[in-house]
Amino acid sequence: MNHRSAPPRRRAAWVAGAVAVATALAGGVAMSTSAQAAGDTLQEAAADRGLYFGTAITGSKLTDSTYETIANREFDMITAENAMKLDATEPQQGQFDFSRGDRIANWATQNGKQLRGHTLAWHSQQPGWMQNMEGSQLRQAMLNHVTQVATHYRGQIHSWDVVNEAFEDGGTGARRNSNLQRTGNDWIEAAFYAAREADPNAKLCYNDYNIDNWSWAKTQAAYNLVADFKSRGVPIDCIGLQSHFNPNSPYPDNYRTTLQSFADLGVDVQITELDIEGSGQQQADTYRRVVEDCLAVSRCDGITVWGVRDTDSWRSQGTPLLFDGNGNKKEAYHAVLDELNDGNTPDPTEDPTEDPTEDPTGDPTLPPGDCSADLTIVNSWGGGYQGEVTVTAGSSAISGWSVALAGGIDVNQLWNGTLSGSTVTNVSWNGNLGSGQSTSFGFIGNGSPPSAGSLACGS
């Protein structure tokens, strides 16, 4: 395998940095309080946080010195934008052409990069011969394609997008009515089994767009697919969120909840095709939030942006990438690099402190405050459930909040908050709320779900 072991995640780096700072200050030495040495490039800064930072590459553009220099300097995970798709690799049935994919794979290997494989089975960009197939003939051809392509790149691929975009848009959460779907509802798992047999050490991902907003039916459909596969032992290792954000599909405030919810199923989470239309500070702030969300989820492996410069993007008119058409770093680039370098936070379990709002009996007694908290049961299964609590500031701004969980709630896992006894308090980044503003935290509970409704909230 060409996999390189990832460095320790960010919490260990924070502890080491904090100790160094304390030691230096005790000796009267003036020094920066940064938790780690700043990475000069995206790949360096991300590696210090235990992540990869990647981009999509078009082989023909590697002759462009500006393009090639940026790609090599800034990114350590490479995805072939089109060169490993179905029409490129099997233009005639049974006649495989790996020349375009190999060009990118060889460049990646020569420059010490890792590879994401994209994509093995998809309703789009099928060669003409496949578009005209149906039924068992198509099923066999699809499985042969998965096997041949995954075998050719065996040992070179970090993660494969085994199946791409299998669900419809809109509010139904239904499977896309493609020729592949018409071969039988089990076609997706069949593709995953074939990929596992062909390349046992690659991570196997389901990849889709518009599965970023936790409240959307398409997101829930993808979640249920992963949950079903995990429960039945179908080989799936990761979920890929394309995260193409634009005015019609903006970054959602519950994006972190989505990432964490998938991670809680026991799969890695990868942001696979990130681009954010816009410019200036607004675009930079959104990029920063995406990176912050990934860093907050321990199973978020890394981030891939879908192209190098704005002019290389499939949505170039929206200027959605980190470099402009001349290869200059944009505000969004600096926001991403700053977040990767400055976002270290301690693990609250490493230095627990007693919650002052909790009495010795363990019953929470919250101070009065101008906030409300509402519990929603997102999902449930035998012996457990997932809850989400929305905290909303009242008529005035608040600088912190505490929510008392109702009796009988037995928390197994919690994110976007700190749990002490039966009380959840804010973490550093979600305590300040303006009047009427909201944030949320989520948790996995043991046993039967309680009734949805209001919880006690204090600020």
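Filter region 311-330 down to residues that are part of a loop (DSSP other than H, G, I, E, B) and under 14 Å from GLU68 (Cα atoms) and give me whichever is least open to solvent (accessible area, probe 1.4 Å). Only one residue tops the list, namely GLY327.
Please tell me if SER380 is assigned by the TED database to the domain that holds SER422, touching a Ser or Thr at 6+ places or on another chain (Cβ under 9 Å) and either outside any strand (DSSP E or B) or modelled with pLDDT of 75 or more (or both). It is false that SER380 is assigned by the TED database to the domain that holds SER422, touching a Ser or Thr at 6+ places or on another chain (Cβ under 9 Å) and either outside any strand (DSSP E or B) or modelled with pLDDT of 75 or more (or both). Where strands (runs of 3 or more DSSP E) sit wholly within region 223-309, those with at least 3 residues that are buried (at least 23 other Cβ atoms within 10 Å of the Cβ) and in contact with a Leu (Cβ under 7 Å, 6 or more places away or on another chain) occupy 268-276, 300-305. Is it the case that region 97-111 has a residue that's assigned to a helix (DSSP H, G or I), of a type in the set (Val, Ile, Thr) and open to solvent by less than 50 Å² (accessible area, probe 1.4 Å)? Yes, there is a match, as at least one residue in region 97-111 is assigned to a helix (DSSP H, G or I), of a type in the set (Val, Ile, Thr) and open to solvent by less than 50 Å² (accessible area, probe 1.4 Å). When residues in region 148-169 are screened for being open to solvent by 10 Å² or more (accessible area, probe 1.4 Å) and under 17 Å from THR109 (Cβ atoms), 5 of them pass.
Applying the condition of being at pLDDT 80 or above and in a loop (DSSP other than H, G, I, E, B) to region 404-420 and asking which residue is farthest from GLY266 (Cα to Cα) yields ALA406.
For every residue, the table says whether it meets (1) assigned by the TED database to the domain that holds SER231; (2) over 17 Å from THR257 (Cα atoms); (3) touching a Cys at 6+ places or on another chain (Cβ under 9 Å); (4) of a type in the set (Gly, Ala, Ser).
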{"position": "GLN386", "(1), (2), (3), (4)": "no, no, no, no"}
{"position": "ASN426", "(1), (2), (3), (4)": "no, no, no, no"}
{"position": "PRO450", "(1), (2), (3), (4)": "no, yes, no, no"}
{"position": "SER454", "(1), (2), (3), (4)": "no, yes, no, yes"}
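So which of ASN224, ASN210 ends up being assigned by the TED database to the domain that holds CYS294 and at positive phi? One residue alone meets the criteria, ASN210. Taking the conditions exactly as written (of a type in the set (A, V, I, L, M), assigned by the TED database to the domain that holds ALA56 and either closer than 30 Å to SER279 by Cα or modelled with pLDDT of 85 or more (or both)), does LEU322 satisfy them or not? Judged against the criteria, LEU322 is a match. A count restricted to region 112-134 and to residues that are open to solvent by 40 Å² or more (accessible area, probe 1.4 Å) and among the aromatic types (Phe, Trp, Tyr) stands at 1. I'd like the residue in region 170-204 that is assigned to a loop (DSSP other than H, G, I, E, B) and closer than 23 Å to THR79 by Cβ and, out of all such residues, is most open to solvent (accessible area, probe 1.4 Å). So the residue we want is ASN201.
Scanning region 421-448 for residues that are open to solvent by less than 30 Å² (accessible area, probe 1.4 Å) and assigned to a strand (DSSP E or B) yields THR423, VAL424, LEU433, THR439, SER440, PHE441, GLY442, PHE443, ILE444, GLY445.
Counting the residues of region 78-127 that are in contact with a helix residue (DSSP H, G or I) (Cβ under 8 Å, 6 or more places away or on another chain), in contact (Cβ under 8 Å) with a residue 40 or more places away in the chain and of a type in the set (A, V, I, L, M) gives 6.
The values are calculated or read from the model by the stated rules, or taken from the named source; none is laboratory data. What you see is a predicted model, and the numbers here were worked out from it, not measured in a lab. Please note: Cβ atoms are built from the backbone with ideal geometry, for glycine as well, and neighbour counts cover all protein chains shown. To get the accessible areas, we keep the full protein, side chains included, count just its heavy atoms, and leave off ligands, DNA and RNA. Shrake-Rupley method; radii C 1.70, N 1.55, O 1.52, S 1.80 Å.
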